[in-house]
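Undergrad: Got a structure for you, questions after.
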Amino acid sequence: MTRRSSRAFGLTFAAIFVAASAGVQVQTPDQSNHVVVISLDGFKASALADPALPLPTLRRLAKEGATARTMRPVNPTVTWPNHTAIVTGVTPAKHGVVYNGLLVRDPGVPPRIEPWLDKKDMVRVPTLYDVAYGKGMTTAQVDWVAIWNAPTVTWEFRERPDPKGAIAQEMIQAGLVTQQDVDGFTSSNIVYRDSVWTQAAAHIIRKHKPNLMMFHLLALDSTQHRYGPGTLAAQAEMALLDAQVAEIVRAVNDAGIADRTTFFIVSDHGFRTVKRQINPNVALAAAGLVQVTDGKAAKADAWVVPEGGSAIAFVTTPDPDGKTLARMKQALTGLEGVDRQQPVLDREETGVDAACRADLGVDVLDVIAGGLR
Ligand SMILES: [Zn+2]
């Protein structure tokens, strides 16, 4: 938060994290400065250069500021690990968020991913908003991730907002939404939710002028999951995102803080078109390592948890002689679509141990599915 009076458009967070995470002394912050972080989920860097995409606001911000041609996502390259890297400056090995939630392991059943756990139980290092708050600055988040019940957020409208929360009630009073809108918010479609999140972020900026705002727009991710990247649906959603960024810029102008605000427009990952999916758990079931009852995996001695183009395979029961691990490896060897499998020798890079809430003392195997051969 040292760049004053400049608008930056970045696809990387390097500058800001020099201070936040590398142990560099943070100077006494100027509390009249503001940073707005806008994350466009699933927005690939090359889209900016595509003349077929109408992105006037993003291009204007880019022209007026600084840009990075691309960013390097962390591994695993999914939403929460990358967003947490953005606000911590470190990889999942250190921040501990390997999934879109925390992996909860119980013996003999498939592990599950639990997103709605407190930030303090999920993120293992200080975040940008922790540092800013600790320096007496005000912080805000709208639809940010791995941030549940974070005590260092001054104002928020969550991914799952509290219908009775302060910001929701302010927005109702201001006529921006109704109580009914907020009550039914979580079950509304993602395009609607992005729209309300945009109103919430704009409202917080206009009314409260936080020093740091972290704002996450999700609909492009959902659109590309459903219709694929490069489709008309994805292009339309990108155009809508541009208008939503424009709404936030307008709010900053209305708040009278434009000359003291730095924007960081970031993304967490891109998308790649796939034609087929593989489910390695079918192979584990065929090998007798998973028992299926009524179409569901009732019991599992081993289980593969997918993460986009990669997956991590777990032995889920105590395995002192390594027999289950050997059977799991065999079941996955030569499986169509599995490019390679490897032990988690890079445990430190993936942080996979940190992601396991209950360490059963069992082995873990990485399965990297690099596309169909
Ligand atoms: Zn994402």
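Undergrad: Which of the lysines could a cross-linker bridge to Lys44, judged by Cα under 19 Å and excluding same-chain residues fewer than eight apart?
TA: Output for Lys44: Lys63.
Undergrad: Any lysines with Cα under 23 Å of the Lys296 Cα? List them, leaving off those in the same chain fewer than 8 positions away.
TA: The qualifying lysines are Lys329.
Undergrad: In whole percent, what relative contact order does the range 234-306 give with Cα contacts below 8 Å and a gap of six or more residues?
TA: Relative contact order of the range 234-306: 15 percent.
Undergrad: Around Phe263, which amide H atoms from residues at least 5 apart in sequence, or from another chain, sit under 5 Å from its own amide H, with H modelled in the peptide plane?
TA: Ala8, Val36
Undergrad: Rounded to whole Hz and in sequence order, give me ³J(HN,Hα) for the range 126-132 from the Karplus expression 6.51 cos²θ - 1.76 cosθ + 1.60, θ = phi - 60°, writing x for Gly and Pro.
TA: Once rounded to whole Hz, the list reads x, 9, 4, 5, 5, 5, 4.
Undergrad: Give a residue-ordered list of calculated ³J(HN,Hα) values for the range 74-80 (Karplus: 6.51 cos²θ - 1.76 cosθ + 1.60, θ = phi - 60°; whole Hz; x for Gly, Pro).
TA: Once rounded to whole Hz, the list reads 8, 10, x, 8, 10, 4, 5.
Undergrad: Would the range 94-171 count as rounded, prolate or oblate if I go by the C-alpha gyration tensor, calling it rounded below 1.5 in a/c and otherwise prolate when a/b exceeds b/c, oblate otherwise?
TA: oblate
Every number in this text was worked out from the coordinates using simple rules, so none of it is lab data. All figures in this text were calculated on a predicted structure; none of them were measured in a lab.
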